[in-house]
Amino acid sequence: MSNKRNNFFNLDLNKIHSNKSIYIKKIDKILQKNALLILSWIKNSWKIELIKQYILNKNTSNSYYYFNKDDDLNNKINTHLDLLKSLNDYIQLYKIPKIIVLQNISKIKWIKETISYLYKMNYKTILIWNDIKIAWINEIELINKANIENIKYGSFNLINKTEQKEHILNLLTSDILLNSIYKDFWVKSINLYKYTITYLSENNIFLSLRELHKKLDKINKISLKTTIDYIDFSIQSKIIKRCYKYDLKNNKEISSKAKYYFTDNWIRNSLVNFKLQNEILLENFIYNTLEYNNYKIFSGLNWKFDFSFYWKKKWKEIFIHISKETTKEEIKKEVNKLNKIKVKWNKYLLVNSISELSIKKVKYDDVEIVEIDELLEKLNK
């Protein structure tokens with residue numbers, strides 16, 4: 001960030017590399033009703049790019065106050081009062097800003113006092129962070145929309161050469177772990193944390209925290225508390241998401257065990273040197289697609305039938321099962337299991353190739369057999 005305005009942090013509005021109009025609309029809608037908004041996602045995502053786009057769209061390029069503690073190289077702003085003094089200095093020179101953007105400020109002492117003050121003064125404020133939760137402030141998670149053609153590398157598709165791409169993604173993953181985990185949460189053993197998160201990337205199964213601890217402890221000594229802490233740190237930093245199972249028969253969430261999905265395929269894949277099984281990448285990709293479309297996602301259970309994903313909102317429900325079967329006969333059995341679910345619509349059985357399985361009929365009562373492109377088209381409507 002350049003520093004052009006009398007010691008105030010400045011955004012370079014001439015360089016914008018993203019167009020996320022869907023989030024611009026969300027920000028605008030929330031700020032029209034509420035003065036405060038939190039933007040969160042993994043480090044090095046495009047949060048600032050979105051802010052710059054928002055500032056330009058709202059014609060506020062000459063009326064915004066931006067502060068990023070990471071750019072406070074002289075360490076002048078350490079407390080709530082330091083930050084308010086900086087803001088008041090800005091107001092004295094440029095009047096009240098139309099938008100205030102505060103980034104990486106969780107380490108500033110008594111920062112919640114600043115937030116309360118901004119709220120009382122009705123200043124339109126965007127907070128960019130992951131590591132503090134304030135229940136009464138609206139939060140938008142900036143989820144990247146990946147391309148199925150680039151499933152191995154998630155949303156990162158700017159570089160064509162595989163070797164260069166993987167090298168950069170490994171560096172980005174290391175940077176995320178360094179700044180979002182090791183520094184923010186004072187993790188003592190870097191190797192132990194990386195071992196834990198790598199185990200999750202390779203093992204796509206449901207586990208209780210105690211079961212996870214036992215599996216980790218057999219190979220590398222780790223306490224139950226440390227295991228739980230590492231999972232919590234990873235969720236808070238938006239690196240992983242916890243997915244529970246939903247029991248349709250008993251109409252209840254089963255929270256005793258969980259499966260963990262990574263918020264972007266490239267992070268998950270880079271942890272295992274880009275050698276993750278394609279079926280894991282596909283499942284993670286579909287989970288992220290559902291997340292992008294604002295679904296609250298569960299794995300599904302109908303009697304003894306475990307299926308991949310279940311989503312429910314008011315009157316609408318979606319059921320998706322990713323088939324691993326390779327014969328038409330076994331596919332038919334899965335179709336029958338999906339058909340036993342009482343709901344009458346939005347049931348999809350995902351297969352790798354309809355033609356290779358010699359499937360001629362793709363609709364069986366309430367179940368539709370689909371390939372990935374068709375499923376994405378239905379989910380993104």
*Hey, residue 107 hits all of (1) modelled with pLDDT of 90 or more; (2) open to solvent by 50 Å² or more (accessible area, probe 1.4 Å); (3) among the basic types (Lys, Arg); (4) out of contact with any Phe, Trp or Tyr (no Cβ under 7 Å at 6 or more places or on another chain) but one; which does it fall short on?*
(1)
*Among the listed residues 68, 57, which satisfies the condition of being of a type in the set (S, T, N, Q) and open to solvent by less than 30 Å² (accessible area, probe 1.4 Å)?*
68
*Does region 178-196 include one or more residues that are modelled with pLDDT of 95 or more, in a helix (DSSP H, G or I), closer than 24 Å to residue 301 by Cα and under 20 Å from the mean Cα position of the chain (by Cα)?*
no
*Taking region 9-60 only, how many residues are modelled with pLDDT of 70 or more, more than 16 Å from residue 144 (Cβ to Cβ) and not aliphatic (A, V, I, L, M)?*
16
_Whether any residue in region 258-267 is closer than 25 Å to residue 295 by Cβ, open to solvent by 30 Å² or more (accessible area, probe 1.4 Å) and modelled with pLDDT of 95 or more is what I want to check._
no
*When both residues are 6+ apart or on different chains and their Cβ atoms are under 8 Å apart, which pairs have a first residue that lies in region 63-76 and is closer than 15 Å to residue 109 by Cα, and a second that is among the basic types (Lys, Arg)?*
69/107
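Taking the stated definitions as given, is residue 287 among the hydroxyl-bearing types (Ser, Thr, Tyr) and surrounded by fewer than 19 Cβ atoms within 10 Å (Cβ to Cβ)?
Details: among the hydroxyl-bearing types (Ser, Thr, Tyr): yes; surrounded by fewer than 19 Cβ atoms within 10 Å (Cβ to Cβ): no.
Judged against the criteria, residue 287 is not a match.
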*Which members of region 329-365 meet the condition of being acidic (Asp, Glu) and open to solvent by 40 Å² or more (accessible area, probe 1.4 Å)?*
329, 330, 356, 365
*Filter region 334-352 down to residues that are within 29 Å of the chain's Cα centre (by Cα) and assigned to a loop (DSSP other than H, G, I, E, B) and give me whichever is nearest to residue 322 (Cα to Cα).*
351
*Matching residues, region 251-274, being touching a strand residue (DSSP E or B) at 6+ places or on another chain (Cβ under 9 Å) and either assigned to a strand (DSSP E or B) or over 22 Å from residue 43 (Cα atoms) (or both)*: 252, 253, 254, 255, 256, 257, 258, 259, 260, 261, 262
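The values are calculated or read from the model by the stated rules, or taken from the named source; none is laboratory data. Please read all numbers here as calculations on a predicted model, not as lab measurements. When we count neighbours, we look across all protein chains shown, and the Cβ atoms used for this are built from the backbone with ideal geometry, even at glycine. Just the protein is used for accessible areas: all its heavy atoms, side chains included, with ligands, DNA and RNA removed. Shrake-Rupley method; radii C 1.70, N 1.55, O 1.52, S 1.80 Å.
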